[in-house]
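Heads up: the structure comes next, in structure tokens.
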Amino acid sequence: MTTTSAQPEVVQEENLDRRPGRWIGHWAPEDHTFWRTTGSRIARRNLIWSIFAEHIGFSVWLLWSIVVVRLGDAGWQLTTSQALWLTAVPSGVGALLRLPYTFAVPVFGGRNWTIVSALLLIVPCAGLAWAVERPEIGFPMLLLIAATAGFGGGNFASSMANISFFYPEREKGWALGLNAAGGNIGVAVVQFLVPQVIVLGGGLALARAGLMYIPLAVIAAVCAYLFMDNLVEAKADVRPVWSSLRHRDTWIMSLLYIGTFGSFIGYSAAFPTLLTSVFGRPDVALTWAFLGAAVGSFCRPFGGRLSDVVGGARVTMVSFVLMAVGALLALWSVEQRSLGVFFVAFLLLFVATGVGNGSTYRMISRIFQVKGAELGGSPEVMLAMRRQAAGALGIISAVGALGGFLVPICYAWARSTYGGIQPALRFYVGFFLVLLLLTWVAYLRPGARLARAGV
């Protein structure tokens, strides 16, 4: 009995086909024996260090969202619109970088690119530390330096594409949700820690906001080097990424992801500035704004887990309903000058976006699994579809992240044109309702091609 039970593990370890540079040649997560004896342990190790690296990336990406609140105390004289631009541009750059970062995984390998992308974070951290205490450089130079924080936003796409290869379809929603949540919570951590670190010992030292993340970026790179793996299965050519562009669902899901993740990152970037500019409460922004990103991040894996059970499209619809309600409450609170209701409304928005982030990502992998089954379901076809799904994840994350740029810019436009953010909130209510209808028409209405598949 002892020999029989031990044999599968020995065979599976041999089938891993380990190669120099921590490459794994054989990876079969859908094989239950392989997954139980070998795959789950390796996948979990890669997930843990992927989460850590992505967490640092997200923190750096949103550094300016909280630093901007204290720039006035460091000698900078910025308008509300300029402050919102400083939070929007890193989000926009991060969204654009997600496309090349997605291509980087099949070209260089997931572990290898995690090392490089972690080290790139030193650039925006050092730039911020140099710039924030030099008002004489002017706003254009400050904005250019802030743009380099977009390196942190690109990390998400490569991390999610990489981890999607490690896990079987039946556990992908939870795994991707954890990976994303670990990154997303970096937004809350940076908004919580930075206000405290920059005033340690008395006075104000904004440069510490960047300096504190340089050693963490180095640690993330070293841990990826020591503990992560590259998968030969993921090291394909980039053609599957281009192939994913041909699918209508890639573009539908991109739009839905603007509504979920785009809203999450956009609200995270803008929330501290809105608390300061709309209600004149920088104290609240510096002390409590982190709660929004925190609750949204914690809700993300549960959105993925719930979607594994009841279907991602259903969960996504509910999240858009909650987002519309939250935007309506926020609109009412601004008109009534109620800070308490405004704060609660935004917490509801963050909860809804977190759940929606998990459910939309679960929908993507399920959609491509169904497409593979429709094409015959052979191992070769399913491998090709997994590669296309990984490419689609990166593309959708890039398009969706543009919401992080558009949300603050929309608030800046409403503020400068109409003197308040109410027009932006009215637009968001309508936008969420349109996405609610789109989800139903594409994936849940009777007769929809993918409705019966439980997408």
Original post:
If you take the Cα atoms of region 134-261, find Rg, then find the Kirkwood Rh from the mean of 1/r over all pairs, what is Rg/Rh?
Top reply: 1.04
Original post:
Using Cα-only point scatterers and the Debye equation, what is log10 of I(q)/I(0) for the chain at each q in 0.12 Å⁻¹, rounded to two decimals?
Top reply: -0.95
Original post:
To the nearest 0.05, how large is the calculated FRET efficiency for residue 18 and residue 298 if R₀ is 45 Å and r is the Cβ-Cβ distance?
Top reply: 0.80
Subject >> Options 419, 292, 400, ranked by Cα towards positive dipole end of region 282-420, top entry (Cβ charges) >> reply: 400
Original post:
In degrees between 0 and 90, to the nearest 10, how far off the longest principal axis of the chain does helix 263-279 point, with axes built from Cα atoms?
Top reply: 10 degrees
Original post:
Roughly what would the spin-label model give for residue 283 and residue 416, points 7 Å off Cα along C-beta, in nm?
Top reply: 3.1 nm
**OP:** May I ask for the angle, rounded to the nearest 10°, between helix 312-336 and the longest principal axis of the chain, with both axes built from Cα atoms and the value confined to 0 to 90°?
**Re:** 0 degrees
Original post:
Say R0 is 56 Å: what FRET efficiency, to the nearest 0.05, do residue 437 and residue 200 get from their beta-carbon distance?
Top reply: 0.65
Original post:
Can you work out ³J(HN,Hα) from phi for every residue in region 142-153, in order, using Karplus 6.51 cos²θ - 1.76 cosθ + 1.60 and θ = phi - 60°, giving whole Hz and x for Gly and Pro?
Top reply: 4, 5, 5, 5, 4, 4, 5, 4, x, 3, x, x
**OP:** Return the whole-Å distance between the Cα centroid of region 412-455 and the Cα centroid of region 278-350.
**Re:** 15 Å
**OP:** Could you state the accessible area per residue of the chain in Å², with a 1.4 Å probe and every protein chain left in place?
**Re:** 37 Å²
Original post:
Near the amide H of residue 281, under 5 Å away, which other amide H atoms are found, from residues 5 or more places off or on another chain, if H is placed in the peptide plane?
Top reply: 276
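So, R0 is 25 Å and r is the distance between the beta-carbons of residue 335 and residue 78; what FRET efficiency does that work out to, to 0.05?
The calculated FRET efficiency here is 0.45.
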Original post:
When the accessible area of the chain is computed with all protein chains present and a 1.4 Å probe, what percentage of it is carbon and sulfur?
Top reply: 68 percent
Original post:
If amide H atoms are built 1.01 Å from N in the plane of the peptide, which residues on other chains or at least 5 residues away come under 5 Å of the amide H of residue 231?
Top reply: 24, 110, 111
**OP:** Please report, largest first and rounded to whole Å, the three semi-axes of the ellipsoid equivalent to region 166-231, where each semi-axis is the square root of five times an eigenvalue of the C-alpha gyration tensor.
**Re:** 33, 17, 6
Subject >> Additional length obtainable on full extension of the chain from residue 193 to residue 427, 0.36 nm per residue less Cα span >> reply: 81.0 nm
Subject >> Angle in degrees between helix 290-310 and the longest Cα principal axis of the chain, rounded to the nearest 10 >> reply: 30 degrees
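The values are calculated or read from the model by the stated rules, or taken from the named source; none is laboratory data. What you are looking at is a predicted structure, and each value in this text was computed from that prediction instead of being measured. Quick reminder, even Gly has a Cβ in these numbers, built from the backbone with ideal geometry, and neighbours come from all protein chains shown. Remember, those area values only see protein heavy atoms, side chains included, never the ligands or the DNA or RNA. Shrake-Rupley method; radii C 1.70, N 1.55, O 1.52, S 1.80 Å.
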